[in-house]
Amino acid sequence: LSHFHRDHMAGLEPGWSGGPVICSPITARLLAALEDVPEENLIAIEPGETLDVPVGGEALRITALEANHCPGALMFVLERGGRKIVYTGDFRLSDDLRARRELLAGAERLYVDSTYASPEYDFPTLKESVAMVLDAVRRNMDKEILVAIYTIGKTKLVQALSREFGRPVYVSKDKLKAYRAMGFGEHVTAERKDAGFVGYSRIYFDRYFRWKNGRNPSNCLVIYPSGMCTNVAPRAGFFYVPYSEHCDWAEYCEFVDMVAAPEVVQT
């Protein structure tokens, strides 16, 4: 399992007992805490580690790499009998991955994240996107700050807000449980009075904004961090930032060329 996102977990039911799940330690903690997967069914592997798993009398060598996506996200290099396959899961190209070029190159098949594999997408680095959000918050400290986040994801942004302004982000109890399982519980709270920011889904904020402001959007600022915000029209009360934990077009092309697999399967 590359990471704890529902679109990658089809068939993995709560209380799973269908065999070992190989994943990162963070994903293992999330599976145990949120899906009640027994610990004996979890095999944790750290980024950079290699694990040999017997399959049909011959070892399958699994090397895990940091995918630079959500917390716990891994990329897998699978080797067996002189054959190699690379499975990226969701990822954002990084210098750490570039440094593993030799391991990644020579795969006969590449399963690659193609979420934004189109020329119109050109993202800032994650560091630059976070800096844009922090600057927007500094310029709007007199307003209620709302941040659109996932249960697992945009975590770098949540951590940055908490550290920079010394106040946690308000989240639902489900999100709080997930953040504690990931080891980032100090950056969020389920107590509104203790929070400096409000973190919920994008759909929630559209409804909240209409209810709270009516025709006067001056009381709050909604921050939308997403790769889909590359060419979004400005809207009063909203700050759209192209924050993406997936590759943009240039990074996607660079990675595909780097692996140089004769067969590429977009996922």
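Points to keep in mind about this one:
- Cβ-defined net charge surrounding residue 263, 9 Å radius [Lys, Arg +1; Asp, Glu -1]: 0
- DSSP bridge pairs, the chain: antiparallel proportion in percent, nearest 5: 40 percent
- Amide hydrogen proximity for residue 21: with H placed 1.01 Å from N in the peptide plane, the residues at 5 or more positions away or on another chain lying under 5 Å are 42, 43.
- Top positive-direction residue, dipole computed over segment 1-156 with Cβ charges, set 68, 38, 27: 68
- When only the Cβ of Lys, Arg, Asp and Glu is charged (+1, +1, -1, -1), the dipole of the chain relative to its Cα centre reaches about 1340 debye.
- Residues residue 83 and residue 264, FRET efficiency given R0 of 22 Å [Cβ-Cβ distance, rounded to 0.05]: 0.85
- Cross-link pairs 84/154; 154/193; 127/175 - those with Cα-Cα distance over 29 Å: 84/154
- Options 55, 258, 159, ranked by Cα towards positive dipole end of the chain, top entry (Cβ charges): 159
- Accessible surface ranking for 22, 152, 1.4 angstrom probe, highest first: 22, 152.
- Relative contact order %, the chain, counting alpha carbon pairs below 8 Å whose residues are six or more apart: 21 percent
- With a simple spin-label model that places each label point 7 Å from the Cα along the Cα-to-Cβ direction, the separation between residue 99 and residue 139 comes to 3.5 nm.
- Packing rank of 93-105, 48-60, where each peptide gets the mean count of other beta carbons within 10 Å, highest leading: 93-105, 48-60
- Selected from 18, 88, 187, residue furthest toward positive end of dipole (the chain; charges at beta carbon): 187
- Amide H within-cut-off set for residue 170, under 5 Å, with H built and near neighbours excluded: 189, 196, 197, 198, 199
- With Cα atoms, 0 to 90° folded angle of helix 249-259 axis to the chain main axis: 20 degrees
- Mean residue ellipticity, 222 nm, helices only, the chain: the sum of -39500 (n - 2.57) across DSSP H runs of n ≥ 4, divided by residue count and rounded to 500, is -8000 deg cm²/dmol.
The values are calculated or read from the model by the stated rules, or taken from the named source; none is laboratory data. Nothing here was measured: the structure is a model prediction, and the numbers come from that model. Using ideal geometry, Cβ is built from the backbone for each residue, glycine included, and neighbour counts are taken over all protein chains shown. Ligands, DNA and RNA are excluded from the accessible area calculation, which covers all protein heavy atoms including side chains. Shrake-Rupley method; radii C 1.70, N 1.55, O 1.52, S 1.80 Å.
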